[in-house]
Amino acid sequence: MKDWKRILISPTTAIIDAIEIIDAVATGIVLVVDDDNRLQGTVTDGDVRRAILKGIRLDEPINLIMNAHPTVARINDDKETILTRMKLKDLKQIPILDDSGRVVSMEMINDLIRTDERGNWVLLMAGGMGKRLNPLTNDCPKPLLKVGDKPILETIIQNFVYHGFMRFYISVNYKAEMIEEYFGDGAQWGVEIRYLREKEPLGTAGALSLITEPPGEPLLVMNGDLLTKVNFGHLLDFHKQHRACATMCVREYKLQVPYGVVQMDKHRLKGIIEKPVQQFFVSAGVYVLDPVVLKHIPKSTLIDMPALFERLISKELETAVFPVREYWLDIGRIGDFERANGEFAEVFR
């Protein structure tokens, strides 16, 4: 890695600043070093997301969440030794140290073995009627509405392609022929596209039952009306690392109570909290599902993703949540559509 010095940070660097470096350099990691560049620890994209789930503030210093005992390689190790160590630990990156523990380089697994294209299928849910976007959707399905200079669904597909995903299912219902005519078999984008045709709306999970050839690898599922800069490669890696059968992307949602909230003990007033803010995590409409999950979806039956996840949980199957900290916008209403067009040039330039 040529620009590895850009990912060196001090232990007092704020988490939010480390996030900016991770995103800018696209390594998925930063290295925490002392004044002499001796390695103190590492922080990965996954460490940041776990910190968010724990409620750690992003203005806190990075040393609160760093791994103080990371796997490293030495300057005299050959590439085969480094690659073997990375494979055993399932690492995407590894710092290279000299005999004094100073960082002298960084190896990325993609530089050692080229595996740019992923074999996973992606299912994009594009069958909804988009009633909340009337009159825009009277004559055009929501996934074909233009944000910027192209349809929403085209931007989604191009984002997946950027992360190495080349095989797509698109579930269609409302004005299906318009979507199929626009995207065809995907050749124009260098991808493969197949269609799942819903005779009746099947919900956000029901269309999965129309897949006739169960995939051999985890399947990514995403609503066809979302614009996001989620790193889908990181999402898939997270899913595998946690050995989940199903992973749900979640967004932080804050709700402020507009009044003073009274604290009581029976008839006694204990205190008043003025306009408190409550924090929740809500579904972000992006999922990773192992092939075994398809067996739990009834054929041609309306079922939504929350119900599917509840079914998996009731069967004590491993499920996980992946916090989305990147740009995310659900284009559900006219105001969202206008906002998307206003932000598109800056976010998706």
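The values are calculated or read from the model by the stated rules, or taken from the named source; none is laboratory data. These figures come from a predicted structure and were not determined experimentally. Backbone-built Cβ (ideal geometry, glycine too); neighbour counts: all protein chains shown.
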remark   = Output for Cβ contacts, cut-off 8 Å, separation at least six or different chains, first residue in the same structural domain as residue 223 (by TED's automatic domain parsing) and over 25 Å from residue 23 (Cα atoms) in the stretch 327-338, second of a type outside the set (Val, Ile, Thr) and in a loop (DSSP other than H, G, I, E, B), reads 332/225; 334/136; 337/136; 337/145
key: Members of the stretch 300-349 found to be under 17 Å from the mean Cα position of the chain (by Cα), surrounded by fewer than 14 Cβ atoms within 10 Å (Cβ to Cβ) and polar (S, T, N, Q), listed by number   = none
query = In the stretch 288-299, how many are assigned to a helix (DSSP H, G or I) and surrounded by fewer than 12 Cβ atoms within 10 Å (Cβ to Cβ)?
reply = 1
Candidates 10, 105, filtered to the one that is farther than 30 Å from residue 254 by Cα and surrounded by 15 or more Cβ atoms within 10 Å (Cβ to Cβ) = 105
query = Give me the pairs: first residue in the stretch 284-300 and on the phi < 0 side of the Ramachandran plot and in contact (Cβ under 8 Å) with a residue 40 or more places away in the chain, second residue hydrophobic (A, V, I, L, M, F, W, C) and assigned to a helix (DSSP H, G or I), beta-carbon distance under 7 Å, and six or more apart or on different chains, which are they?
reply = 287/305; 288/235; 288/236; 293/312; 294/208; 297/205; 297/208; 297/308
ask   = Tell me, which residue of the stretch 116-145 that is aliphatic (A, V, I, L, M) and surrounded by fewer than 17 Cβ atoms within 10 Å (Cβ to Cβ) is nearest to residue 167 (Cα to Cα)?
value = 129
key: Boolean, residue 254 is exposed (fewer than 10 other Cβ atoms within 10 Å of the Cβ), touching a residue at least 12 places away in the same chain (Cβ under 8 Å) and assigned to a strand (DSSP E or B)   = yes
task = Please indicate, with yes or no, whether at least one residue in the stretch 333-349 is in contact with a helix residue (DSSP H, G or I) (Cβ under 9 Å, 6 or more places away or on another chain), assigned to a loop (DSSP other than H, G, I, E, B) and within 19 Å of residue 252 (Cα to Cα).
result = no
